[in-house]
Amino acid sequence: MNVARTLGLVAVLSMLTGTSAAQAGSKPVIELFTSQGCNSCPPADALFGRLADNPGLIPLTLSVDYWDYLGWRDTLALNAHTKRQRGYSRTRGDMNVYTPQAIVNGGDFTIGSDQRQIDAAIRKVNTASTHGVPVKLQRNGDTLAVEVGNGDGSAQIWLLSVTHKVRVPIARGENKGETIVYTNVVRSWRNLGNFDGKPVKLNIPVSEIVKNEADTVVVLVQAGSENAPGAIRGAEILSLR
């Protein structure tokens, strides 16, 4: 274990917990594009498990399917995640699509296991967090109440069904024999409509969220489109367990 790197992570997470990044609408979202068939991904998967311990961050695991041909079909992969990752590359104007790749708030990207670069991107988002769109989630019995506050510009509102922890024994491929724990695994996406800067209030049946073993919900307010995602301007996460 690299003690210096571990202490660095603890210090950064502690700093973020005490700042506006922990406020509704200002939490940095870190998307990890990963694959069970990628032998360089487990360190990134482990790092995201640690990041999830901080309530001021929203780390998400987005498993992709483009390594399935190597001998192991990723049990958590969605083709929509492959398309989303490629959409980010189109938005940026490059072809930087790989695993493990971390994208912070729809902007800066880095190797998903590079703690130092992820920390730097989180600090950058935190500095600008006062410009975020506030998002509030509350469970009222069988209903999820979603409130999106005022903000500038236009965006789309996305609801993500998420499973907090998934353990996967891998029988073939580059990670054969390993059991890997994945954190905040995105199971499905739902477009809740457009955001034009004015407050939005929605009620969603919890039964429509907790499918496919999902036990957590995330709402994103994100600029751009499904095929060309942009900056994430607001986000919140809520456990439904």
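The values are calculated or read from the model by the stated rules, or taken from the named source; none is laboratory data. The structure displayed is predicted, hence computed values, not measured ones. All Cβ positions, glycine included, derive from the backbone under ideal geometry; neighbour counts span all protein chains shown. The protein model used for the area step is the full one, side chains on, heavy atoms only, and it has no ligands, DNA or RNA in it. Shrake-Rupley method; radii C 1.70, N 1.55, O 1.52, S 1.80 Å.
The figures follow:
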item	result
Cα centroid separation - the stretch 150-224 against the stretch 35-64, whole Å	14
Portion, in percent, of the accessible area of the chain that falls on carbon or sulfur, probe 1.4 Å	51
Sum of -39500 (n - 2.57) over DSSP H runs of 4+, divided by residues of the chain (222 nm, nearest 500)	-7000 deg cm²/dmol
Flagged links, alpha-carbon separation over 28 Å, of Lys27/Lys83; Lys124/Lys176; Lys83/Lys176	Lys124/Lys176
Overall form of the stretch 95-230 per C-alpha gyration tensor (a/c, 1.5; a/b vs b/c)	oblate
Overall form of the stretch 46-95 per C-alpha gyration tensor (a/c, 1.5; a/b vs b/c)	oblate
Helix 3-17 vs. the chain, principal-axis angle (Cα, 0 to 90°, nearest 10)	10
Most to least accessible of Glu226, Glu147 (protein chains only, probe 1.4 Å)	Glu226, Glu147
Order by protection proxy (mean Cβ within 10 Å, highest first), peptides 165-175, 51-61, 111-121, 190-200	51-61, 111-121, 165-175, 190-200
The chain: angle of helix 115-127 to the longest principal axis, Cα-based, in degrees nearest 10	10
Accessible surface, per residue, of the chain when the full set of protein chains is kept, probe 1.4 Å, Å²	46
Stokes-Einstein D for the chain, Kirkwood Rh over Cα pairs, 10 °C, 1.306 mPa s (µm²/s)	88
The chain - percent relative contact order, Cα under 8 Å, separation 6 or more	24
